[in-house]
Structure formats: structure tokens, C-alpha cells
């Protein structure tokens, strides 16, 4: 066709009529414009919404912190409405509940992650493929249990059995202050940690499973050909291959544990001030504190809770960012 | 201590599909035997039965005998893990462990065998890398990742890793098919050297390579898709390429099919 058009014998009129750009110019139809516009609008709307929420929260938090009579970062008390302060002025700090948040989440990860990795390895490396996928589905179902159910179960069932375990731990490790108690057990940060461990197990197990499943055949065969047993093959090929991905899965699980609210609020006996003994009743987390206090809080109280929520947001943000850094660094090292 | 391989009545299955049927052949110690044949003829499967790698894939099984000197590798009480420590393998695509350094890659098999002493490891790592003609190229960067090497160097690293555990036999599954001609030449030279210590079986699609490196050549073929692969003939390499006794071998070698 183009030959015909370029040939010298082509009809002069026809050459004039044809735009040389014909077929190459854009032809944006109504559908294109409509879709493009609405997509752009949605994106802009979300940004504005987020900025508005952030501005509101930061304003509220700043106002509360401005009225705070003690240091917000280091104080252990939480009395923003001044119910029991000497002059009725707000006194509140994030330190004790931030500590409780970290401790329960760390316990959750320490207990949950190894089990999750074991489950993922068992499903991908030991079970036949068909049974493995059924088993994996059942583990995934753990994630479908509502957290309030975990809270009820933790409070009514699990906690009954934690006293015995806690006592054994105290008998063995009681010389470390963390594991000392006043003789009472349960409703403790340890119980909350165990509940969190079960709650974050499915997400870590699911991600780890997907990663381990993708271990390259060549790596697996390289290990077997050297005379590796199955466990040695896993150590040589599967675990190194999955290391960065599983690390970030664990960090993501940690992030979820930090933000878990209602189950922790139900299990923990909230005690004011800093609680360092993880086996006896007491302790509090940022999210649980918000859930429990919000209903009875007055203006400053609510603003203070918003401030604590911002701190929690910052913590999870940092944790999620850390997970990304781990993945990115591993990606660079691997290539 | 190179050993002799004696295969008799060997069949291998993937699920219910028979991949190879009734293979019988002998490989003498300190020789290089090449397996040639069209794609899907089962030559790699035969190779993988010689160190019990075939059964690593779920749903597979093997019938028949593979004698290493006088021991049946498929006999009762034989541990496939121990077999693979005796019969080493090099794969088509270089597969060093990606997270390990050059040194760690070579030491990996030794560590499985419980060698822990630093000086023991150092000695074997150097000896193996020298044996794989790689020492001079990597001696200054033993702690760098094995994946940082070129494809040909990676393959020689894999050979070093395989010979580090002092196997009796070395199996090579198209070890040069992912390599450029210069790296291929380096591997072929290496095979000629390794022959003095090991019994070597190499699968190759490259008939010139088979002619260059092997003492004996086995030709495999299939009757059609879905049919099991069979051994057509095995003979001295010059004879296979100059004057094969089977018509199919001649057709394949002269490029009339496959």
C-alpha cells in the first residue's frame, strides 16, 4: 500500500487528499477520556482524603500534647482527662503502652514465626502436593477467624492453661526480672503474645509457603546430587532461597501484631503504669488502650488517644518500610 | 578410586509412563562414555538412574540393576543419599548455590560429610578448584559469591563442588549446552584430565563433543512419541562415528534425522 502511495505514477489528486499522518494520529474516544478522567479523579480524591485525615489527626494530637503536663514520650502515666491528677490537668505518656505493644508483638513473633516456617516447610517439602494444598488451605482458614473470637478464646480458654506454663517458665527463668511474678499468672502480656502468635501465624505461613514452593529445581537437585538428606537439602537450597522473603514476611507479621486491637484488649488486664513482668496480669498496648479508653474519654482524652494512634501508625510504618528494605537489599544481592 | 558401572535390564518410569526400557550397558573405570540421541530418547533419564537422582521427582520409579563394581545401587539397604555422595553429578545449567561464596560452594558437600576443620576444608577446596582448572582464576576472590562468575566458570565451580567429595563416578548432563565455545573447550579439556581419576558419563547433544571427549559412545533412540527410550548400540567412539552397526545410529550421526 505504501509503495503505491509513494510511487511517482500515483494519482496527484489522491496524494493531495490523503493526510500523510493518517492512521498514525491519536484517536482518543469518549470511553478513553471518561476512563482516564475518572481514574485520575479517584487518585486525586484519595490523596486529598488522606491529607485531610492526616491533618485532622495531627492537629488533634498536637493540641493534646500541648496540654500535656508531663513528657509525652517518656511518661508512664495515662490520665489525659486529669481524673486523678493533683490539679485535674492532663498527664499522659506513650512509653508504657508503647512498651507493652512491642513486648506482646515480639512474644508473638518469637513464638509464631518458627511455627509458621515449620508449617510452610512441612507443606512444601514433606507433604505430597495435593495433601499439601489442602493443609495449606486449612492454615489459611486461621486468618479468617475474627479477632474478637481469638480474644474470647484467649480469655476464656487459653488463659486457663497459661498459669501452669507461666509457672514453669518462672521456676526456670525467674532470676531474670522479666519472668518474675508476684505469684499470680494469666491475663498477662505473655498470654496476649501467644494469642498474637496464633493470629500472625497464617500470614507468615502463607507467604513463606509461596516462597519455598518456588525454590528453583536446579538448586534442589544441586543439593541432592551432593548427597544431601532432605533436611540438608532444605538447609542448602530452600532456606537460603527464601531467607529475604521470609524475613520480610516475619516483619509484616510483626506489623500486624503491633496493630492488633480487640483480642489483646480482651486478654490483657489493663494496669496503669509500666509493667515489666510479662507473666503476671497487667500490661497494655496502644491499640488496646484506645479500644478500652475511647468510650469514656472526654475531649483531651480522645485527642490524647489520637496522638497514641499516630505513634502506633508511625511504628507500623517503620516496620513495613523495614520489610521493604530487606526485600530490596536481597534483590540486589541476588542479582 | 574410579569404579565400573554395570547396568542391566534397567527401566525407569514417570508415574505410569515408561521413559526407558530394558537398558543394559557397561562403563569401564577411568573412561569417558558419551550418551547421545535425539531429545526425549531417555539418555538423561538413564544418567539420572546412575546416582538415584531419578527418584527425587515424585511419582517416579526404577526397575532393573545398576551395579557399581559389585554393589547394586537399587539393592536392599542401599541409601540413595550415600549413593549420591559416591556418584557425583554436574547439571545442564550451572547451579552454584546463589547465596554462597565460591569457597562455600566447593565446601558444601564436604560439610555435609561432616568435615569441619578449617585447614582440611582449605586443602580440599584448593585441590578441587585446581582439579576443575578454576583455581588460578578465583584464588584471590574465594569469598566472593559464586554467582559472580561467568557461566563457564560457574560450571567449572560446579565440577569442583562435585569432585570435592571424591566421588567414584562423575555424571554430566549436557554440561556445556549453556556455555559459549571457549568455555566449552575449557570443560572438555577438564574432562580429559578428570578421566585419569574418575569414571565419567556425559550426556551431550553435540556429536563433535562426543567424538572429541569420549572413549565409548552409547546411542539412544525412541520409536515414537510416548514410546520408551531404548539403547540402540554402545561401542568404541571411533567405531560409532565411522562404522556403526545399526542403521538408526548412522542416520542420526549423519544428520538424516533427530
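Coordinate-derived values only; no laboratory data. This is a predicted model, so every value here is computed, not measured. Because the Cβ atoms are built from the backbone with ideal geometry, glycine has one as well, and the counts that use them run over all protein chains shown.
Below, the figures for the structure above:
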read-out: Residue check, residue A:77 under 30 Å from residue A:191 (Cα atoms), more than 26 Å from the chain's Cα centre (by Cα) and buried (at least 16 other Cβ atoms within 10 Å of the Cβ); value: yes
read-out: For residue A:212: the one exception among (1) away from chain B (no Cβ under 13 Å); (2) within 25 Å of residue B:107 (Cα to Cα); (3) in contact with a strand residue (DSSP E or B) (Cβ under 7 Å, 6 or more places away or on another chain); value: (3)
read-out: Candidate set: the stretch A:234-249, residues that are over 24 Å from the mean Cα position of the chain (by Cα) and more than 9 Å from every other protein chain (Cβ to nearest Cβ); chosen: the one nearest to residue B:94 (Cα to Cα); value: A:238
read-out: Residue among B:152, B:148, B:255, B:224 that is within 17 Å of the chain's Cα centre (by Cα) and surrounded by fewer than 23 Cβ atoms within 10 Å (Cβ to Cβ); value: B:152
read-out: Boolean, residue B:114 is without any contact (Cβ under 8 Å) to a residue 12 or more places away in the chain and not in a helix (DSSP H, G or I); value: yes
read-out: Residue under evaluation residue B:109, criteria (1) facing chain A (nearest Cβ under 9 Å); (2) more than 18 Å from the chain's Cα centre (by Cα); (3) assigned to a helix (DSSP H, G or I), criterion not met; value: (2)
read-out: Selection count, the stretch B:148-176, where residues are closer than 20 Å to residue A:227 by Cα and free of Cβ contacts under 8 Å to residues at least 24 places away in the same chain; value: 1
read-out: Filter result (closer than 22 Å to residue B:179 by Cα, within 14 Å of chain A (Cβ to nearest Cβ) and touching a helix residue (DSSP H, G or I) at 6+ places or on another chain (Cβ under 7 Å)) within the stretch B:122-148; value: B:128, B:144, B:146
read-out: Yes/no for residue B:251 being outside any loop (DSSP other than H, G, I, E, B), out of contact with any helix residue (DSSP H, G or I) (no Cβ under 6 Å at 6 or more places or on another chain) and free of Cβ contacts under 8 Å to residues at least 12 places away in the same chain; value: yes
read-out: Residues within the stretch B:154-185 that are away from chain A (no Cβ under 14 Å) and out of contact with any helix residue (DSSP H, G or I) (no Cβ under 6 Å at 6 or more places or on another chain), tallied; value: 6
read-out: The stretch B:92-103, subset within 10 Å of chain A (Cβ to nearest Cβ) and out of contact with any strand residue (DSSP E or B) (no Cβ under 9 Å at 6 or more places or on another chain), residue surrounded by the fewest Cβ atoms within 10 Å (Cβ to Cβ); value: B:93
read-out: Odd one out for residue B:35, checked against (1) in contact with a strand residue (DSSP E or B) (Cβ under 6 Å, 6 or more places away or on another chain); (2) surrounded by fewer than 21 Cβ atoms within 10 Å (Cβ to Cβ); (3) under 30 Å from residue B:108 (Cα atoms); value: (2)
read-out: Checklist (1) in contact with a strand residue (DSSP E or B) (Cβ under 9 Å, 6 or more places away or on another chain); (2) at negative phi; (3) surrounded by fewer than 16 Cβ atoms within 10 Å (Cβ to Cβ); (4) more than 14 Å from chain A (Cβ to nearest Cβ) applied to residue B:119, failing item; value: (1)
read-out: Entirely in the stretch B:21-91, the strands (runs of 3 or more DSSP E) that have 3 or more residues that are more than 26 Å from residue B:226 (Cβ to Cβ) and within 14 Å of chain A (Cβ to nearest Cβ); value: B:87-90
read-out: Hey, residue A:227 in a loop (DSSP other than H, G, I, E, B) and surrounded by 22 or more Cβ atoms within 10 Å (Cβ to Cβ) or not; value: yes
read-out: Checklist (1) in contact with a strand residue (DSSP E or B) (Cβ under 6 Å, 6 or more places away or on another chain); (2) over 30 Å from residue A:198 (Cβ atoms); (3) buried (at least 19 other Cβ atoms within 10 Å of the Cβ) applied to residue A:70, failing item; value: (3)
read-out: Unique residue being touching a residue at least 12 places away in the same chain (Cβ under 8 Å) and under 21 Å from residue A:236 (Cβ atoms) when the list is B:124, B:203; value: B:124
